[in-house]
Amino acid sequence: MDGGYTGLCRRLISEAGASIGDEVLVVTRKGEYRGFLMMRYELGAADHIVLKLANGYNIGVKVWDDSRVVKLSESRPPSFRAVEPPPPDPGLPHVAVISTGGTIASRVDYRTGGVRPALTASDLLSAVPELSGIARISAEVLMSIYSENMNPRNWALMAERVDSLLRSDVDGVVIAHGTDTMGYSAAALSFVLQQPPKPVVLVGSQRSSDRPSSDAALNLVAAVDIAAKAPIAEVGVCMHLGHSDDVIAFHRGVRVVKLHTSSRSAFKSVNCEPLALWTRSGLKIQAEKYHRRGGDDYRFMPGFDERALLLKFYPGMSPEVLEVLRERLCLRGVVLEGTGLGHVSSSFIPTLKRLRDEGVFVGMTSQCRYGRVDMLVYDNGRDLLRAGVVPLDNMLAETALVKLMWVLARAEEYEEVKRLMATNLVGEMGGRSMPEGVG
Amino acid sequence: MVLDYERLGLKVGLEIHRQLNTARKLFCPCPTEYDESGEKISFTRFLREAQSELGELDPAAVFESRKRKKIVYRMDRRSACLVELDEEPPHTLNGEAVEIALTAALLMGSTPVDEIHVMRKIVVDGSNTAGFQRTCVVATGGRVVVDGEAIPIQTITLEEDAARLVESSRGVVEYDLSRLGIPLIEVATAPVIKSPEQAVKAAKAIGDILRATGKVKRGLGTVRQDLNISIRDGALVEVKGVQELELIDDVVEYEVRRQLHLLDVSKRLAARLGGGLPAFNPVDVTHLFTDTKSKVIRRSLDAGGRVMALLLPAFAGLISEEPFKGVRLGAELAAYAKAWAEVEGIFHTDELPGYGITSEEVASLRKYMGAGDADAVVLVADLEHYAVEALRAVYERAAEALRGVPNETRAARQDGSTVYIRPRPGAARMYPETDIPPIPITENYLEELKSRLPETLDRLAERLSRQYGLSRQLVQELIDRERVEIFMEILGKTSASPTVVATTLTETLTSLARDGVDVGRLGERVLLEVFQLLSEGVFSKEMLRDVLARAASEGVSDVRSLVSSMGLAAVDLEEVRRYVDELVERNRSFLGDERAVKRLMGDLMKRYRGRVDGRLLHQILSERVAARTGAAQG
């Protein structure tokens, strides 16, 4: 055992023959402390031993060369005991829950003191027993990674697994996912799993599921309910609409973005309404058009080409950035996150022309997020258009990047890349722009 | 009957909680001063029980989650942020609060920990949005001395105050978030206190040390005293929320008498019953009450409820026995029913017929339940689910009555009695707050704190008495009434006379209170403003009592407009000076005569009594007379 301990602490503990969880006495020049030996917190100073006192509190005890650790008794190691879930009801729809990691599938690890992905999907079921009243759940752990560590290979793996589930007898699929990049994964799955016959619902939580106040439980209940019964067969994201534990929004996968670092209402549909709003009393569909459950037009279209880049323009940015990256990363396409209606500095125009001549696709989105790009309004916009930049309407920059990777994997020619990028394929662009707070 | 506490093996431990007067809350930058007048937004939440790191569920958490209430929170943007909403991780532990806690620890001879670890204590009644309270041990050990006897301190902790309960009804509970996160210091003594009197003295001694830091909040709701009380063969009972020092001995005595009675009941029950209670078997007896005159039952039946009954064999007579005011097994049974099922109350055959229930109804109830003379029957009228849950709680409590005194958490009432609120939480409810890294307390920092420890209240009393020429008794009264802090603030910020301020804060307020004025409504800001206006000469000393009385009865926050509405501030000092000039001019030939000047003063007082301070008038007059006579001579 090292329990996160190094140096002197480690020596004193091992000389005492003590392990994490044992009851020990620590004698230092300042006094004596009796308690249970706890794991060392990663960020703490190295010369402190962590004890849990009899009253449940932890404290850090500083040790010196002349300090002693005495083992008093062995203790049972901390463990999470899952409550046995109730037996499945054969009359209920069948929902597959895939765990990929993230806060929704994480617990405090008392051995490290950190939140880490450790909870299996079936642990979640025992933590949220009402799920068994909504659907028969089959759970599996596909991967266990933080969402910032996700990459297009992970998207592909996820898509492949969901594809095989969509072809099985399940009525819907739920994917537990870390929230940081859940929007990207949702967009990726939206392009690969086109016109799915059943709902594919990504769900996360902003506060870990081991806290009494976690948003995980209600998000998961809504996600499973939607996967089991909703008429909408699309790839979407299920998260809290506001600060209350009552309304859960079901967002279209290509339109959703995380707009807050920590709030439970972090996820918003941008430039459109959520597909539907879920409450305990039912599902209220908001979307004018959606893909209905049970169609036979499902197509599995896998593949991502990672030679694409998302670049946020800022005042004074040198066009050289683009040239160097194009060179070093052998880019085949770039999504620009421009200012306002879709602009970058006119100093970029020669570089953009050259990229166009070399067959590198460059598309324009806006860092405003809300609204659509329009490059006909100002001179500079028209010049950028002439330099070959393709306006991407009201597509989210993140979605545009994912789409570009997907398009590059199936289109060799520039013109075909351009055509696909400018075409609405799964609801990722287009639609009417509405005033704020209306409808 | 006087109790021999020593023979009974009384052990009391204290947990003294006090709000700290920091600029910011413990884990976020929201202020700790707030008023509740502002606009509120509200949101709703649900909390779920969570397993502890030992994989166990906490009994107190299970109690709350069995009720699974909808929780409505009200927040004011001025006094709460996303941290209080549990939608932003806690910021770093407030250094000002740590310093106050360490200062208090050093004053009590406690040993600060080398490293503070913030913990999460599971509390799922909704009083913390997170479902846990953040708390940390800052120091261990130390003592307070009471009548020459050392009472050991176990821990000094720093924790966040809970949200304020606004109202609770079946299925819904509402809280206000302004208070959530205000730093609280908790000083816990070892359970070695042997008498109610010693408990009061120890609590006061701890309170005095906390106040010596000069950084604790004062006034209603800023102090909460919890008591752990046990007697030999009894149980450890935690009594929460004793607000006043004076109530502590009453609470201890009540609790001892309650435990003694429960022990007595358990012995007699064991003798009567032999074995345990039969299995839980609630019986629907609604049909016996279809024509009832009982308003409570009638109302419940009209709302679609049922009357459910539970037989408690051999309990007859024991339920209503009351050896000490308020101590009754019936009160315990009812409290369980209310706490677990939120019913309005229970009926039991010890007190029937009564409450509109006739002797015929009781007779048919006894017959239907097969209850003999030695047996008791408990009734609950409510919607069936709640009635059954209430009887289940009654049954569980009745089963405890056979064993003696249950471990529980109780609340103190204003009359010194206590009432059951929930089971006692276990150690299983504590786990690390992983969002906050441990905070080291270095030797250098402690040395620096030791070099600037505040004076104790005894030293302070000595100093103030000397400095302002006040009697030691008067200063002690200021201290005991927790007014010495505002006394010093007033003297620091105004030119009011120390004697006037001190006597006003003691005698005048006491006499106002005796006359039925709610002096509790005089906040420190109001008191300060009163003395500011007084020393500015806006009103005279003679009017002080009236101003305070009006401010208290009207609950004003703006003293200046109160004073002018009383017609006291109508006098313009320039106008006074002009009038004095005129007076002096008219009487210029008599100015050498001292009696004439006295007469002029009399005229002035007649005109301005109660509106301009006499001393001020005298000063103005003397100045003018001096100027005039000086001018005449020159």
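Hey, what D do you get for segment B:270-417 in µm²/s if you plug the Kirkwood alpha-carbon radius into Stokes-Einstein at 25 °C and 0.890 mPa s?
Values: Rh = 15.6 Å.
D, rounded to a whole number, is 157 µm²/s.
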Amide proton proximity set for B:R74, modelled H, under 5 Å, gap of 5+: B:Y175, B:D176, B:L177
Whether segment A:7-73 is rounded, prolate or oblate, judged on the alpha carbon gyration tensor where a/c under 1.5 counts as rounded: rounded
Derived scalar couplings ³J(HN,Hα) [segment B:147-159; Karplus, 6.51 cos²θ - 1.76 cosθ + 1.60; whole Hz; x for Gly, Pro]: 6, x, 9, 7, 9, x, 8, 8, 9, 10, 10, 10, 8
Long-range Cα-Cα pairs in segment B:457-559 (distance over 19 Å), rounded percent: 39
Longest exposed-site-free window of chain A, the sites being trypsin sites (Lys or Arg not before Pro) in a DSSP loop that have at most 10 other C-beta atoms within 10 Å: A:30-288
In sequence order, calculated HN-Hα J values of segment A:302-313 (Karplus, 6.51, -1.76, 1.60; Hz; x Gly/Pro): x, x, 9, 9, 7, 7, 9, 9, 10, 10, 8, 7
Accessible solvent surface per residue of the protein assembly as shown, calculated while the other protein chains remain in place, 1.4 angstrom probe, Å²: 42
Long-range HN-HN contacts of A:V335 with modeled amide H, under 5 Å: A:L309, A:L310, A:L311, A:G363
Carbon/sulfur fraction of accessible area - chain A, other protein chains in place, 1.4 Å, %: 52
Mean projected area in nm² (Cα convex hull; one quarter of hull surface) for segment B:79-189: 8.6
Reach of A:K198 by Cα under 16 Å, taken over aspartates and glutamates that are not fewer than 8 positions away in the same chain: A:E160, A:D163, A:D169, A:D171, A:D225, A:E234, A:D296, A:D297
Calculated log₁₀ intensity ratio I(q)/I(0) where the Debye formula runs over C-alpha points of segment A:251-363, q = 0.10 Å⁻¹: -0.52
Heavy-atom accessible surface of segment B:573-633: percent carbon and sulfur, 1.4 Å: 49
Listed residues B:F27, B:Y579, B:V394: farthest to the positive end of the dipole of chain B (Cβ charges): B:Y579
Accessible area buried at the B-A interface, both sides summed, 1.4 Å probe (Å², nearest 100): 4200
Cβ-placed point charges (K, R +1; D, E -1), dipole of segment A:7-73 about Cα centre in debye, nearest 20: 80
Rg(Cα)/(2.2 N^0.38 Å) for chain B, N = residue count: 1.22
Cα lying deepest toward the dipole's positive end in the protein assembly as shown, options B:A150, A:L341, B:H348, charges on Cβ: A:L341
Eligible lysines near A:K30 by straight Cα distance, threshold 23 Å, same-chain separation 8 or greater: A:K52, A:K62, A:K71, B:K450
Zero-based 5 Å bins, Cα pair distances in segment B:61-143, whole percents: 3, 12, 17, 18, 15, 13, 12, 8, 2
Positive dipole terminus of the protein assembly as shown, leading residue within B:L82, B:T135, B:A188 (C-beta point charges): B:L82
Highest-MSF residue in chain A out of A:T351, A:T365, A:T103 [GNM, Cα springs under 10 Å]: A:T351
Euclidean distance between Cα centres, segment B:245-274 to segment B:431-497, Å: 41
At least 30 Å² accessible surface lost relative to isolated chain, residues of segment A:245-288 (1.4 Å probe): A:D245, A:S262, A:R264
Accessible surface ranking that places the most exposed of B:L245, A:L131 first, with a 1.4 angstrom probe: B:L245, A:L131
Solution diffusion estimate, µm²/s, Stokes-Einstein, segment B:323-481, Kirkwood Rh from C-alpha pairs, 10 °C, viscosity 1.306 mPa s: 74
Loop-located GluC sites (Glu not before Pro) in segment A:355-439 whose Cβ has at most 11 other Cβ within 10 Å (DSSP): A:E358, A:E412, A:E413, A:E436
Size of charge dipole - chain A - debye, nearest 20, with Cβ of Lys, Arg +1 and Asp, Glu -1, no other charges: 440
Lysines whose Cα lies under 26 Å from that of A:K353, excluding same-chain neighbours fewer than 8 positions away: A:K312, A:K403, A:K418
Projected area, mean over directions - segment A:308-421, Cα convex hull, nm²: 6.1
Taking the C-alpha atoms of chain A, convex hull volume expressed per residue in Å³: 181
Ratio of Rg to Rh over segment B:5-236 (Cα coordinates, Kirkwood Rh, two decimals): 0.99
Fluctuation leader among A:G102, A:G21, A:G340 - chain A, Gaussian network, Cα springs under 10 angstrom: A:G21
Estimated [θ] at 222 nm from DSSP helical runs (n ≥ 4, -39500 (n - 2.57)) normalised by residues in chain A, nearest 500: -7000 deg cm²/dmol
Helix A:320-329 axis, angle to chain A major axis (alpha carbon atoms, nearest 10°): 70
For segment B:134-188 versus segment A:376-400, the gap between their alpha-carbon centres in whole angstrom: 59
Cα centroid separation, segment B:286-339 to segment A:220-294 (Å): 49
Computed accessible area, A:D47, all protein chains, 1.4 angstrom probe, square angstrom: 50
Semi-axis lengths, Å, the protein assembly as shown, gyration tensor of Cα atoms, sqrt of 5 times eigenvalues: 60, 46, 32
Among A:W278, A:W64, A:W406: highest mean-square fluctuation, GNM of chain A, C-alpha pairs under 10 Å: A:W64
Interchain or long-range residues, amide H under 5 Å from B:L312's placed H: B:A376, B:V377, B:V378
Listing of segment B:86-129 residues, each with accessible area lower by at least 20 Å² in the full protein assembly than in the chain alone (probe 1.4 Å): B:D86, B:E87, B:P89, B:T111, B:V113, B:D114, B:E115, B:H117, B:M119, B:R120
In order through segment A:360-377: 3J(HN,Hα) via Karplus (6.51 cos²θ - 1.76 cosθ + 1.60), integer Hz, x for Gly, Pro: 8, 6, 10, x, 10, 10, 10, 6, 5, 6, 8, x, 10, 6, 8, 9, 9, 6
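The values are calculated or read from the model by the stated rules, or taken from the named source; none is laboratory data. Just so it is clear, the model here is predicted, and its values are computed rather than measured. As a convention, Cβ positions derive from the backbone with ideal geometry for all residues, glycine included, and neighbour counts pool all protein chains shown. In case anyone asks, the SASA skips ligands and DNA or RNA and just uses the protein heavy atoms, side chains included. Shrake-Rupley method; radii C 1.70, N 1.55, O 1.52, S 1.80 Å.
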